[in-house]
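Novice: One structure, as C-alpha cells, below. Some questions next.
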Amino acid sequence: MIRSILFNISFYLFTLISAICLAPFLFLPGRKLLLKGARGWAKGSLFLLRWFGGIKIEFEGLDHLPKQGSYLIAAKHQSEVDGIAILALVPDVATIAMQELGRYPVIGRLMKKMRMILVDSDGGAKSQNSLTLRASSVLEDERPVLIYPEGRLVPVGEASKYKAGIYHLYDDFSLPVIPVATNVGLRWPQRNFFKNPGHATIEFLPPIMPGLEKQDFMQRLQNTIEDQSNQLVQLAKG
C-alpha cells in the first residue's frame, strides 16, 4: 500500500509539472518538440512506476516492429499504463483515443497539437468515416498508429468483442497490423489506486499482413491477442 501511495503522489505531481512545462509548446509550430516532451513524460512515468511502485514493464518481440513507414499497432487494453508504455517506446506514434479527451482544456489541446486521433468510441458508419478521415492525414506522414480494438479498458480475464474499426484501417490503407498482448493489468488494474509490485510484459507479436477478408482478419487478430495475453497472465501467476 505504501508503494502505491508513493507512486501515485509522484506520478500525478510529475504529470502536472510535465503538463505545465509542455503547455508553451502549444504556441510553437509543428508537433515534434511536443511529442518528444510527451515521450519524456512517458519514460519518466515508467521510471517512477519501477522505483516507487515496484513494477517493471518488460518489452518483448521488438523485432516485429517495422523500422520505418506506417503500420498499425493493435493492443490489448488492460490498464492506463499500457498506452503510456507504448508512447515511451514507439517514436512519433499517434494514438486513437476517445473524443471526450479532447474536451479537457490542457490535455485536449496537447493531444490535438500532437495530432492524436480522437474519435467517437460508440462505433457506427459515421464514427468509422471520421476515423478513416482523421487517420489518413496521420498515415500520410508515415506515422505508426496505436488502436485498441476492444474500444475500452477490459479487466484481466474478461473477454470483449473487438470492434471493426481496426479492420477498416487495415483494409483501406493496406497496412500491416502488429498485435500486442500484455498482462500489465495484473500490476496496474484499470483505474485502481492500488498497484501490485512485480514484473509485467508487453509483447509485440508477428504482423498480420494486408490481404485478409474481414471475418478472417478479425478472428485471427482477436485469437492472437487474447490467447497470448492469457498465456502471459498465467505465466505471471506462476
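The values are calculated or read from the model by the stated rules, or taken from the named source; none is laboratory data. Bear in mind that the values here come from a model prediction, so they are computed numbers and not experimental data. Virtual Cβ from ideal backbone geometry, glycine too; neighbours counted across all protein chains shown.
Novice: What pairs can you find where one residue is in region 1-13 and more than 15 Å from Asn196 (Cβ to Cβ), the other is not hydrophobic (A, V, I, L, M, F, W, C), and their Cβ atoms are less than 9 Å apart, with a gap of 6+ or different chains?
Specialist: Ser10/Gly53; Phe11/Ser45; Phe11/Gly53
Novice: A further question follows. Can you name the strands (runs of 3 or more DSSP E) wholly within region 39-114 that have at least 2 residues being at pLDDT below 95, crowded, with 18+ Cβ neighbours inside 10 Å and within 13 Å of the chain's Cα centre (by Cα)?
Specialist: Correct list: 94-98.
Novice: Additional query: Which of the residues that make up region 12-38 are surrounded by 15 or more Cβ atoms within 10 Å (Cβ to Cβ) and at pLDDT 95 or above?
Specialist: Phe14
Novice: Next question, about the same structure. Looking at (1) under 21 Å from Ala75 (Cα atoms); (2) assigned to a helix (DSSP H, G or I); (3) at pLDDT below 65, find the lone condition where Asp122 falls short.
Specialist: (2)
Novice: Looking only at region 14-31, count every residue that is in a helix (DSSP H, G or I) and in contact (Cβ under 8 Å) with a residue 12 or more places away in the chain and tell me the total. Give the derivation first.
Specialist: From region 14-31, those in a helix (DSSP H, G or I) are 14-27; that's our starting set.
Within this subset, residues satisfying the condition of being in contact (Cβ under 8 Å) with a residue 12 or more places away in the chain are 14-15, 18-19, 21-23, 25-26.
Of the residues in region 14-31, 9 are in a helix (DSSP H, G or I) and in contact (Cβ under 8 Å) with a residue 12 or more places away in the chain.
Novice: Please enumerate the residues belonging to region 164-189 that are in contact with a Pro (Cβ under 6 Å, 6 or more places away or on another chain) and farther than 14 Å from Ile73 by Cβ.
Specialist: Ser174
Novice: Report, by residue number, each residue of region 168-204 that is on the phi < 0 side of the Ramachandran plot and among the polar types (S, T, N, Q).
Specialist: Thr182, Asn183, Gln190, Asn192, Asn196, Thr201
Novice: Of the residues that make up region 152-163, is at least one within 30 Å of Trp51 (Cα to Cα), in contact with a Pro (Cβ under 7 Å, 6 or more places away or on another chain) and of a type in the set (Gly, Ala, Ser)?
Specialist: No, region 152-163 contains no residue that is within 30 Å of Trp51 (Cα to Cα), in contact with a Pro (Cβ under 7 Å, 6 or more places away or on another chain) and of a type in the set (Gly, Ala, Ser).
Novice: Restricting attention to region 181-202, report how many residues are crowded, with 18+ Cβ neighbours inside 10 Å and not in a strand (DSSP E or B).
Specialist: The total comes to 8.
Novice: Out of the residues in region 203-226 that are assigned to a helix (DSSP H, G or I) and without any contact (Cβ under 8 Å) to a residue 40 or more places away in the chain, which is surrounded by the most Cβ atoms within 10 Å (Cβ to Cβ)?
Specialist: Checked region 203-226; the qualifying residue surrounded by the most Cβ atoms within 10 Å (Cβ to Cβ) is Arg220.
Novice: Yes or no: region 168-177 includes at least one residue that is under 18 Å from Gln231 (Cβ atoms), at pLDDT 95 or above and not in a loop (DSSP other than H, G, I, E, B). So that I can check it myself, show each step before the final result.
Specialist: Our first condition is that a residue be under 18 Å from Gln231 (Cβ atoms); within region 168-177, this holds for none.
No: zero hits.
Novice: Still on this structure, please answer the following. Can you go through Leu186, Leu232, Leu175 and tell me which one is touching a strand residue (DSSP E or B) at 6+ places or on another chain (Cβ under 6 Å) and more than 20 Å from Ile117 (Cβ to Cβ)?
Specialist: Going through Leu186, Leu232, Leu175 in turn, just one is touching a strand residue (DSSP E or B) at 6+ places or on another chain (Cβ under 6 Å) and more than 20 Å from Ile117 (Cβ to Cβ): Leu232.
Novice: Something else about it: Mind checking which residues of region 163-180 are in contact with a Gly (Cβ under 8 Å, 6 or more places away or on another chain), buried (at least 20 other Cβ atoms within 10 Å of the Cβ) and not basic (Lys, Arg)?
Specialist: Passing the criteria: only Gly165.
Novice: Then there's this: In region 43-94, which residues are polar (S, T, N, Q), farther than 17 Å from Ile225 by Cβ and in contact with a strand residue (DSSP E or B) (Cβ under 9 Å, 6 or more places away or on another chain)?
Specialist: Ser70
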